[in-house]
There are 2 protein chains.
Amino acid sequence: MSAAEVRVGLLGLGTVGTGVVSIISRHQDELRHQVGCPVTVKKVLVRDKEKQRPVDLDESLVTDKIEEVLFDQDINVVIEVMGGVETTREHLLTALRNGKHVVTANKDLMALYGAELLQVAAENGCDLYYEASVAGGIPILRSLSDGLSADRITKMMGIVNGTTNYILTKMTQNGSSYEEVLKVAQELGFAESDPTADVEGLDAARKMAILATLGFSMDVSLDDVTVKGISSVTKTDLDYCDQLGYTMKLIGLAKRDEGRVEVSVEPTLLPKEHPLASVHNEYNAVYVYGEAVGETMFYGPGAGSLPTATAVVSDLVSVMKNMRLGVCGRQVQEPLHARVLKKANEIDSKYFLRLRVLDKAGTFQAVTSLFASHDVSFEKLLQLPIEGEEVAEVIVITHHTTKENYETLYNKLSELEVIESIESCYRVEGGR
Amino acid sequence: MSAAEVRVGLLGLGTVGTGVVSIISRHQDELRHQVGCPVTVKKVLVRDKEKQRPVDLDESLVTDKIEEVLFDQDINVVIEVMGGVETTREHLLTALRNGKHVVTANKDLMALYGAELLQVAAENGCDLYYEASVAGGIPILRSLSDGLSADRITKMMGIVNGTTNYILTKMTQNGSSYEEVLKVAQELGFAESDPTADVEGLDAARKMAILATLGFSMDVSLDDVTVKGISSVTKTDLDYCDQLGYTMKLIGLAKRDEGRVEVSVEPTLLPKEHPLASVHNEYNAVYVYGEAVGETMFYGPGAGSLPTATAVVSDLVSVMKNMRLGVCGRQVQEPLHARVLKKANEIDSKYFLRLRVLDKAGTFQAVTSLFASHDVSFEKLLQLPIEGEEVAEVIVITHHTTKENYETLYNKLSELEVIESIESCYRVEGGR
C-alpha cells in the first residue's frame, strides 16, 4: 500500500472524533511536513447520520455502515474513537486483516484484548498504536517504550482518571462532601451521568493494566489489578490527611520487586511534597521510577477532545512515518518476563486507619498492644475525643508492614470490643 | 553494516560514560530483547589510561587514541560523552562520514553545530540522536518530536539547569544568600568550581536553543537567546516573591506567536501554584504548551551519571532498532518555518520591580504617574519604609506590557530624582 496519500477511516465522531477531524484539518501543513504526503479523512462512521455536529465535514464522508470503512480499498489507516469492546474488537480485527493500520483511544478494549490485537497487527504487517488510551494528551506509552527503553522500570504511580481527581481535589479544597462534588462535576461535564466506572476505579484499573504490561514487559491483565474506588471517602478522612501532612489521590500503583509485581488502584495518601500531590482537578500524571533514571513524572490533560485527539493524531503520524519507511507492523514485542504476581506477604506498604473507639480507660492500651502483637509500629498517632459522645477517634499511620500482616491486624481490630468501628483505612505511599 | 551485533565506541569515561558502561552491562537482557542482538562496548577513549575508574571494564578496551575508535571497522555506533566543541565536532563528523551512527549528550555542540551534524548524518545514511543533551533523564526531545508531533507547540518553559535550581531552592527554603548556597553546592558537587556557565544562564540557553529548534521546527541559534543569570538575585528579592505569592526560578522561555518567536533565559517569578514552581533542588522540568493538547509537563533528573546515561542508552536502542529495520538516517527534518524573532514591541510580559525611593511626600505620586504615563498599570504594589533610613522600598508587579514599553519606563525610572536606585527587576510568567 502506497503512502503517497494517507486516507483515514474514522470510527466515531464524538468528543475525540471531532477533535481528530479538527486537528487533521488545522495542522495539515505540519503533518505533511513530517510525513511527506497529505492526509485526508475519507470516511467517518457515525450512529446517526442526521445528528448535528460541531465540526465542518463534507456530508458525503459520513456513513452509518461499518463496511464502507472496513472494506474501502482507499483507506489505509483506521482510527477508532467510538468506544465499546466486543463489536469494536471484531471491527478492528477485520480492519487489521484487511491490511489497515489501526490507531485507537480505547482503554477498555486494549486492557482486555490488547495482546490479541497487537499480535494480529504484527501477523498482518500492520501498525497498532494506542497512546490515547492512557492519560489522554500525555505521551506516556511512548516515554516508556522509547524514552526510557534503556532503563528497568520498577514503579509507576498514576493519577490516570480525571473525574476522580477532580472530585478529590474539590473535596479537599472546598471541604465539600463526595455527593456534593459529584453533582457539580456531573453538571460541568467532568463526570458521567453514570459515574460508576470512574469513581469505583475500574477506568483507572484498565489504564494501569496497560501501563504495567508495557512498563514491565509482562502480560498483566485487568483481573490482576486490585481495585477500590473513592465513593466512600469522607470529608473527615481528608481533614485528617491534611492535618498529618498528606494529600489523598486515587493512585494506580504498579510495582515490581525482583520479578514479582503488584498492580492496584485505590485511594492513597501521599506526602504533600510528592510531585503527584500537586496534580489538581481533572489533570492526570504518571510518576515513573526507573532503576537508572530515578524519579520522573509526566503531567498533562487526561481527557478532553483536543488533548486526546493530539495523542491519536500523533499516533497517526507514527504510522505514516512507518508507512513511508516501509517498516509497519514491527513495533510489537512479546513480553520479556512471565507474569508473577506478589502474594499478600510480599506486598509492603504503610497504612492509614481511622478507628472509632470507646472513650474510657484502657482503650488506648488495648488498641496499641494489638498493633504491637502484630508487629505493626506507628509512624503517627492521634487520639481525639468526639464532643458530646462517649467515643473518641484514633487515627494511625503505620510504619511499613506487609499486606498480609495488615489484613490480619485489621480483622483483629474489627473484633476488638473497645473499637466501635473502623471508619476508614487507606494505603500510604510516596515516602522517600 | 549488519546489526547482528552492535559494537559501541565510547568517547569519554567520565560521569556519564561510566553510567553508559554500567547500564549496557546491567540491562543487557532488556536491551537484547528489544533489539534482537547483543550490544557490546568495543573501545573506550580516555585522556589518561592510567587513571583509576569506578567501573568494571577490560583494560584492553581502553585507548587514548581517537583513531582506534573512529577507524575501527567493527564499531557501528559512536557514543560521545567527552564534551568539548571544536575538536569533538571534527571527531563526530569523521565518525558520520565513516558510516557510524552517533549518540551524543553534548548540548554545547548541538546548540552550535546541531544543524550541520544532522545534515551530515542524513547525507551518510546515519542516525544522530541527542536526547541527553537537554534535561538529562527526561525524554523531552522525543516527546516533542513524537508524542506531541500532531500538535502546534506555542510555548515552552524549562527549568533546564540543575545547579541554578538547586541554588534558588535552597536560598528560598533556608533564607541563605547566593554566595553561601553556591559554596555548599560546590562542596556537594551540584556546582562546578567555575560555575559561570551555569549561574549566568549560558548552559540553560544552549538547551533552550535546542528545544526551540525542535519544538518550533525553526533554526534557532544560541545567539537568538537573550540571557540573564541568577548571580545578582538577593534574599530580599526572594522574600518579596514569597510575600506576593510567587516563586523564583531560572526559566528558559521559548514562545511563538503567529510565526514570530522569542527565546530567553532569565530569573522569573512564577505563581506558587504553577506546576514548575514545585520543581525543587537539582530536578529539571519542561512545561510545554500546545494549541491542541494544552498544558503538559515533563519532570525528572536533569543530570547525574545514570539518569543521563539512561537517555544516552535509550537513544542507542533507537539507533539499534533503526539498524535492524534498515531505516537509519531518516529521522531528520528540515525546519518547516523560517526563523523570525520578535521585536521588543512584540514581546509581552508582566514585570517585577523593586525600587529604593526617598521616603518623602510626593514620591509615591511621582513614581505612579510615571508608570501611568507609560501606560503600565499595577497588578500589585507594596510600599515599605526602611527602618532608620530616609528611604522606602516600592515593589511593583505590573500588568502585561510590551518589553519595549517596559524598557522605556525602566530608563525613565532610573532618571527620576526621587528614586535612589532600581534594586532589581524580573520577568513574571505563568499566570493563567
Of the residues that make up the stretch B:227-243, is at least one in a loop (DSSP other than H, G, I, E, B) and hydrophobic (A, V, I, L, M, F, W, C)? yes
Restricting attention to the stretch B:278-293, the residues that are at the interface with another protein chain (Cβ under 9 Å from one of its Cβ atoms) and either surrounded by fewer than 23 Cβ atoms within 10 Å (Cβ to Cβ) or within 30 Å of residue B:55 (Cα to Cα) (or both) number exactly 5
From B:72, B:56, which residue is over 33 Å from the mean Cα position of the chain (by Cα) and either of a type outside the set (Val, Ile, Thr) or at pLDDT below 95 (or both)? B:72
Between a residue in the stretch A:322-341 that is facing chain B (nearest Cβ under 10 Å) and closer than 16 Å to residue A:220 by Cβ and any residue that is among the hydroxyl-bearing types (Ser, Thr, Tyr) and buried (at least 16 other Cβ atoms within 10 Å of the Cβ), which pairs come within a Cβ distance under 6 Å, given they are 6 or more apart or on different chains? A:335/A:217; A:336/A:217; A:337/A:217
Do we find a residue being among the polar types (S, T, N, Q) and either touching a residue at least 24 places away in the same chain (Cβ under 8 Å) or in the same structural domain as residue A:242 (by TED's automatic domain parsing) (or both) anywhere in the stretch A:412-420? no
Any idea which residue in the stretch A:131-188 is nearest to the other protein chains (Cβ to nearest Cβ), counting only those that are more than 27 Å from residue A:105 (Cβ to Cβ) and part of a helix (DSSP H, G or I)? A:173
Surrounded by fewer than 24 Cβ atoms within 10 Å (Cβ to Cβ) and either without any contact (Cβ under 8 Å) to a residue 60 or more places away in the chain or more than 12 Å from chain A (Cβ to nearest Cβ) (or both): does that describe residue B:96? no
Considering only the stretch B:373-385, I want to know if a residue exists there that is closer than 30 Å to residue B:120 by Cα, part of a loop (DSSP other than H, G, I, E, B) and in contact with a strand residue (DSSP E or B) (Cβ under 9 Å, 6 or more places away or on another chain). no
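Matching residues to (1) over 30 Å from residue B:77 (Cβ atoms); (2) out of contact with any Ser or Thr (no Cβ under 6 Å at 6 or more places or on another chain); (3) away from every other protein chain (no Cβ under 14 Å); (4) basic (Lys, Arg):
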position	(1), (2), (3), (4)
B:241	yes, yes, yes, no
B:246	yes, yes, yes, no
B:295	yes, yes, no, no
B:319	no, yes, no, no
Exactly one of B:132, B:122, B:95 is among the small types (Gly, Ala, Ser) and under 25 Å from the mean Cα position of the chain (by Cα), and that one is B:132
Would you point out the residue of the stretch B:393-415, among those that are aliphatic (A, V, I, L, M) and in contact with a Leu (Cβ under 6 Å, 6 or more places away or on another chain), that is farthest from residue B:356 (Cα to Cα)? B:396
Which condition does residue B:16 not pass, out of (1) surrounded by fewer than 21 Cβ atoms within 10 Å (Cβ to Cβ); (2) within 14 Å of chain A (Cβ to nearest Cβ); (3) over 25 Å from residue A:336 (Cβ atoms), if it passes all the others? (1)
Residue B:69 meets each of (1) touching a strand residue (DSSP E or B) at 6+ places or on another chain (Cβ under 8 Å); (2) within 14 Å of chain A (Cβ to nearest Cβ) with one exception, condition (2)
How many residues does the stretch A:189-201 contain that are assigned to a helix (DSSP H, G or I) and either more than 14 Å from residue A:135 (Cα to Cα) or touching a residue at least 60 places away in the same chain (Cβ under 8 Å) (or both)? 3
Is it true that some residue in the stretch A:120-127 is within 14 Å of chain B (Cβ to nearest Cβ), of a type outside the set (A, V, I, L, M) and surrounded by 24 or more Cβ atoms within 10 Å (Cβ to Cβ)? yes
Can you tell me which of (1) more than 12 Å from chain A (Cβ to nearest Cβ); (2) of a type in the set (Gly, Ala, Ser); (3) over 22 Å from residue A:300 (Cα atoms) is the one residue B:254 doesn't meet? (3)
Of the numbered conditions (1) in contact with a Pro (Cβ under 8 Å, 6 or more places away or on another chain); (2) in contact (Cβ under 8 Å) with a residue 40 or more places away in the chain; (3) not hydrophobic (A, V, I, L, M, F, W, C), residue A:186 satisfies every one except a single condition; which is it? (2)
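The values are calculated or read from the model by the stated rules, or taken from the named source; none is laboratory data. Keep in mind that what you see is a predicted model, and the values were worked out from it rather than measured. Cβ sites come from the backbone with ideal geometry, for glycine too, and all protein chains shown count toward neighbours.
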